[in-house]
Amino acid sequence: MAQRVRKAVLPVAGLGTRFLPATKAMAKEMLTVVDRPLIQYAIEECLDAGIDEFVFVTGRNKMAIEDHFDSAYELEATLEQRGNKAAELKLTQAATLKQGNAIFTRQQKPLGLGHAVWCARHWIGREPFAVLLPDELMVSSPTCTAQLVTAHEKTGGNIVAVMNVPREQTKSYGIVAVKPEKDGLAEMTGIVEKPKPEEAPSTLAWIGRSVVLPEVFDHLDRHEKGAGGEIQLTDAMAKMIGNKPFHAMTYTGQRYDCGSRIGFLEANVGVALNRADTAAETRALLTRMLKG
Ligand code: G1P
C-alpha cells in the first residue's frame with residue numbers, strides 16, 4: 001500500500017523580479033488574488049488533499065509569509081472587541097496553521113528549484129511528499145494536489161501534473177515524454193527541463209504540482225547542474241524513471257500562471273468571476289469597462 005502523503009514542500013525563495021517594484025520589500029507569494037495572498041491558495045490546496053505539514057523554503061524578505069500563517073493576537077483581540085467583526089475574525093483565523101505544523105528554512109543561495117527542494121530534506125525524511133510552486137494558482141474540485149494524492153495512492157509512485165502548452169512555450173517548462181494514457185494517467189518515459197520547441201519530446205508541460213518519492217533526495221544530493229546552470233528538480237525526478245513508478249496526470253481544472261503580470265491579472269479576474277460573493281459585481285464591472 002502507498003504511504004500516505006502528509007507533507008508538502010513550498011519553494012518560496014524566488015526574488016519575483018517580474019513584479020518589481022512591488023516585490024522590492026515584499027515576498028511575491030504575498031501578492032493578493034482578490035482577498036488572499038497567493039501562498040494561501042497553495043496551502044488551501046494542500047489542506048483539501050489531506051496534507052497539513054509544511055516546509056517553506058524561504059529566503060530574505062520573506063518573513064511576511066511566516067507571519068501570515070501565525071496567529072495575529074492583537075488583530076484578533078481587536079476584531080473580537082468590536083463585536084460585529086465575526087466574519088473577519090473567522091477569515092483571519094482560518095489562515096493560521098496548526099501549531100508546530102510548519103517549518104521555515106532558508107535557501108541560502110539561488111542554485112535552482114532542485115536545490116530549494118533539497119533544502120527541505122531533513123524535514124521531509126523518507127516519505128512521499130507534495131511539491132507546489134505557488135506561482136501557479138490552480139482552481140478545481142477536487143484540487144490538483146488532491147488528484148495527485150489519489151493517483152499516488154493507486155500507483156505508489158511519483159506523479160506530476162501536466163497540461164498541454166503551445167509548442168513555442170516549451171522552453172519555459174519541464175516537458176514530459178509519456179506512453180499512451182490509461183485511466184487518466186500516462187506512464188512517463190522522460191522529462192526534460194526547458195527544451196527548445198524543436199527538441200521538446202511533447203507539448204505536455206509540468207505545471208508545478210507533484211507528488212515525489214523521497215528517493216529524489218538521493219539524486220539531489222549530488223548537486224548536478226542542468227538547464228540554465230541550475231540544480232533542476234526535473235533532472236532529479238528524471239533519474240527515477242525506470243526505477244520507481246512514474247506517471248503524468250493531465251490536469252483539467254483552471255490554471256493561472258501568476259509568475260507573469262498578465263497571468264496574475266487573469267487570476268484576479270478569473271477568481272473574482274468564480275466566487276459567489278464577487279461574481280455579479282465583477283461581471284458588471286467588466287461589462288462597464290469594456291463598453292467605455
Ligand atoms: C519551474 C520548473 C519547470 C516547471 C515550471 C512550472 O520553472 O523548473 O520544470 O515546468 O516551474 O511553472 P520556472 O518557472 O521556475 O522557471
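Things to note:
- Once the Cβ-Cβ distance of GLN93 and ALA276 is raised to the sixth power relative to R0 = 22 Å, the FRET efficiency obtained is 0.55.
- Nearest 10 degrees, 0 to 90: helix 144-155 Cα axis against the chain principal axis: 40
- In this structure, the amide hydrogen of VAL178, modeled 1.01 Å from its nitrogen in the peptide plane, lies closer than 5 angstrom to those of THR189, counting only residues at least 5 positions away or on a different chain.
- Take the Cα of MET26, step 7 Å toward its Cβ, do the same at MET63, and the gap between the two points is 1.7 nm.
- Subset of LYS7/LYS225; LYS24/LYS239; LYS194/LYS291; LYS171/LYS239; LYS154/LYS239; LYS62/LYS90 violating a 32 Å alpha-carbon distance limit: LYS24/LYS239; LYS194/LYS291
- Taking 16 Å as the straight-line reach from the Cα of LYS244, the aspartates and glutamates in range (excluding those fewer than 8 positions away in the same chain) are GLU127, GLU153, GLU187, GLU215, ASP218, ASP235.
- Among 224-237, 5-18, 276-289, 259-272, the order from most to least packed when residues are scored by Cβ within 10 Å on average: 5-18, 224-237, 259-272, 276-289
- A convex hull fitted to the Cα coordinates of the range 32-124 yields 122 cubic angstrom per residue.
- The range 59-109: chymotrypsin sites (Phe, Trp or Tyr not before Pro) falling in loop per DSSP and having at most 13 other Cβ within 10 Å: none
- Each Lys or Arg adds one and each Asp or Glu subtracts one; over the other residues with Cβ under 14 Å from the Cβ of CYS144, this totals -4.
- In the chain, the DSSP-assigned H stretches of four residues or longer account for a calculated mean residue ellipticity at 222 nm of -9000 deg cm²/dmol, using -39500 (n - 2.57) per stretch and the full residue count as denominator.
Rule-based calculations on the coordinates, nothing more; no lab input. For clarity, every value in this text was computed on a predicted model and none was experimentally measured. Quick reminder, even Gly has a Cβ in these numbers, built from the backbone with ideal geometry, and neighbours come from all protein chains shown.
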